[in-house]
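Any read-out appearing in this document is the output of simple, stated calculations on the displayed coordinates, not a laboratory observation. The structure displayed is predicted, hence computed values, not measured ones. Cβ atoms come from the backbone with ideal geometry, glycine included; neighbour counts cover every protein chain shown.
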Amino acid sequence: MKNTLFLSVIGLLFLATFSCTRSEAPKEETQISDQKMLRHVVLFKFKDSSSVEDVRSVEAAFRNLQNEIPEIKAFEWGTNNSPEGLDDGFTHVFFVSFTSEEDRAVYLPHPKHKEFVEILKPHLDKALVVDYWAEK
């Protein structure tokens, strides 16, 4: 009985180990990561009067732009957690990546981007925006 249980456990471990499929990144993503990317970096400091819900709605609206504007090739964001104390009150950082200056030129006046700015405005204390071509 103990041998049967032991062999069953070993068999299950063997199946679990070798039946897992390896997930591969889509080919398109690999090609994008090999391209030189134009990074549009946006930092926000929100008004003290803005609620957590207000800030979350701004975050969601900004994140959704990648679904609305095809020229956005990559999007990433997070909140500041630097221990250095040099953030000047900025709490949120967003990276929007493009493959060309032409794509950025489409993004900036895009109606969906303008809609986002209108959602942001009542809650924004200050912003800092820099763009650069990523070097490897």
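Pairs linking a residue in the range 86-108 that is under 15 Å from A61 (Cα atoms) to a residue that is assigned to a loop (DSSP other than H, G, I, E, B), with Cβ atoms under 7 Å and 6 or more positions apart or on different chains, are V93/N80; V96/I72; Y107/I69; Y107/E71; Y107/I72. Name every residue in the range 65-80 that is outside any strand (DSSP E or B) and either of a type in the set (A, V, I, L, M) or under 13 Å from Y107 (Cα atoms) (or both), in order of residue number. Selection gives L65, Q66, N67, E68, I69, P70, E71, I72, K73.
Annotation note: of D48, D125, the sole residue that is part of a strand (DSSP E or B) and either hydrophobic (A, V, I, L, M, F, W, C) or in contact (Cβ under 8 Å) with a residue 12 or more places away in the chain (or both) is D125. Any idea which residue in the range 53-70 is nearest to the chain's Cα centre (by Cα), counting only those that are surrounded by 14 or more Cβ atoms within 10 Å (Cβ to Cβ) and of a type in the set (A, V, I, L, M)? Ranking the candidates gives L65 first. Within the range 107-116, can one find any residue that is assigned to a strand (DSSP E or B), closer than 20 Å to K36 by Cβ and either in contact with a Phe, Trp or Tyr (Cβ under 7 Å, 6 or more places away or on another chain) or not basic (K, R) (or both)? No, that holds for no residue. For the condition more than 21 Å from M37 (Cβ to Cβ) and surrounded by 10 or more Cβ atoms within 10 Å (Cβ to Cβ), H123 qualifies.
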